[in-house]
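Asks: Once you've had a glance at the structure underneath, I'll fire off some questions.
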Amino acid sequence: MLQKHSRWITRFLILLSILMMVGYAHAEDDDTIFTVQYFLIEGDTIPPQANIILESVAQNMQALDINVQFERTDLSESQSSSNFSQITFFGDEQIFFVYNTRTVSVISPMLVDASSPIIYTLPCPDSDTSESDYIADELTALLLYITGHYDLAESAFLDIVNNEGLSESPNIDSLYFLLGNLNVKQGDYIEAERHYQSISDNNFEASVNLAWVLLQRGETANAFETINTLLAIAVENEDTLSEIFLMQSRAWLYALDFDYDSAIADMDVAIELAENSDVTGLLLPELYTTRGEIVFLIYEWDRVEDNFNTAIELEPAYAPAYFQRGILFYTVARREDAQADFETYLELAPDGIYVEQATSYIESIEIELEALGN
C-alpha cells in the first residue's frame, strides 16, 4: 500500500511541475483541439475506460455541432502557455482536469478565473457505465466552458447541479464556481451570488469573487466581511500564501471602493510578507505590478514606474509588468518607450489577456509618431 501511495505522490508532483508547460484548448470555427496527456509508470498501459470517456465527450460535443479532437502529447512535446487547459490520466486510477481561462479577470483584476484542479477517480473497467457517463458529462460541460460556448456550458452545469443523482459529485464546488463566473460575465450578480454562496465554506477563490459581486450590488460591508473572515483564518493558520492572496484581493476591493490609501497599505503588507517568506516564481513581480496599478490611480507616476521596474527586475519575462508600464509611458507621453513595452508584452505573451489592447496602443502610437514626423 505504501509503495502504491508513493507512486501516486510522485505522479502528482510531476503534474504540478509541468502545469505551466502544457497545451491548451482553443475554439475556432467550432473545431476544437484539446490536449490529453497520460502519465504511465513502467508497465502501465492506457486504460480502456479512458478512451470510453473521451469518446463519450466527443459524441456529446458532436451532438451540439462542435467538433472536438483529443490530441495526445508527451511531456517533451508540451508547449508553454499562460492559457493552459489539459486532461491528464494517471495510469488507471485518476483523471486531473487542469484549466485556466480568461473569463472574468478581463472584467476586473480582482476576479479569479480558475479554482483548483478537478479530480476524478477513474472507474474500474468492469464497473457500471453510469460512472463513466457522469464523468463524460462533467468533462463536456467543462470543455464547453473553456472553449467559450458559455450558454451551452451554463445549461450543462445547471443540469448537473440540479440533478439529484449528480449533485453529490466531489467536484460540485468547482461547478458552482464556474457557474458563478458565467453569471458575472453575463452581468447577473444575483445568480452569481447564489452560486458562489452554494460553495463550501473557506473557498478562497469563490469568496474573493463573491466579495466583488457584493460590492457591485452595493453591499460594501458584506464584501469586506467576506474577505476579512477568510483573512483571519489564514493568519490563524499561519498560511502565508493565502494571507498574501487575500491581502492582494482586499487591496483591489479597497481600490474599487476608492479607498486608495488602504489599498496601497494592504499591498505594502502583502509584498513584505512575500519578501520575508520562501515564496518563489512570479508572486513578487505580480504583487509589485498590482501595487503599481493601484498607485497609478492616484497619479503618482514616479512611484508607479518604480513598482513596474522592480517587477521587471525581479522577473524580466513577466509580461503584465511591461503592459502596465507601457500604459504609464503612454499616459505621460513617452510614446517610444510605451511602444517598446507593448511590443515586448506581445513577444512574451502572444496569447495574453492584453493582446488586443497592446496591439491597439501600438497602432495608435505609430500614427501619432508619424504625425509628429518621428
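Bear in mind that the values in this text are calculations on the coordinates, not laboratory data. Only a predicted model underlies this, so the values are computations on that prediction, with no experimental measurement involved. We place every Cβ from the backbone using ideal geometry, glycine too, and count neighbours over all the protein chains shown.
Asks: Using the Cα gyration tensor of region 185-226, with a ≥ b ≥ c the square roots of its eigenvalues, what is the shape: rounded (a/c below 1.5), prolate (a/b larger than b/c) or oblate (neither)?
Replies: oblate
Asks: If you don't mind, there's one more thing I want to ask. Quick one: 3J(HN,Hα) in Hz for region 284-289, Karplus 6.51/-1.76/1.60 with θ = phi - 60°, rounded, Gly and Pro as x.
Replies: 5, x, 5, 5, 5, 5
Asks: Which FRET efficiency value, to the nearest 0.05, is calculated for residue 360 and residue 129 with the Förster distance at 41 angstrom and r the Cβ-Cβ distance?
Replies: For residue 360 and residue 129, the calculated efficiency is 0.20.
Asks: Tell me the label-point distance for the pair residue 105, residue 280, using the 7 Å Cα-to-Cβ offset, in nm and rounded to one decimal.
Replies: It works out to 2.1 nm between the two label points.
Asks: Order of 311-319, 136-144, 246-254 by packing, highest average Cβ count within 10 Å first?
Replies: 246-254, 136-144, 311-319
Asks: Continuing with the same structure: Go through region 191-252 and name the GluC sites (Glu not before Pro) that are in a DSSP coil and have 10 or fewer other Cβ atoms within 10 Å of their Cβ.
Replies: 238
Asks: If you don't mind, another one. Starting at the first residue of region 194-202, write each ³J(HN,Hα) from the Karplus equation 6.51 cos²θ - 1.76 cosθ + 1.60 with θ = phi - 60°, in whole Hz, x for Gly and Pro.
Replies: Each residue of region 194-202 in turn: 4, 6, 4, 6, 7, 8, 4, 4, 6 Hz.
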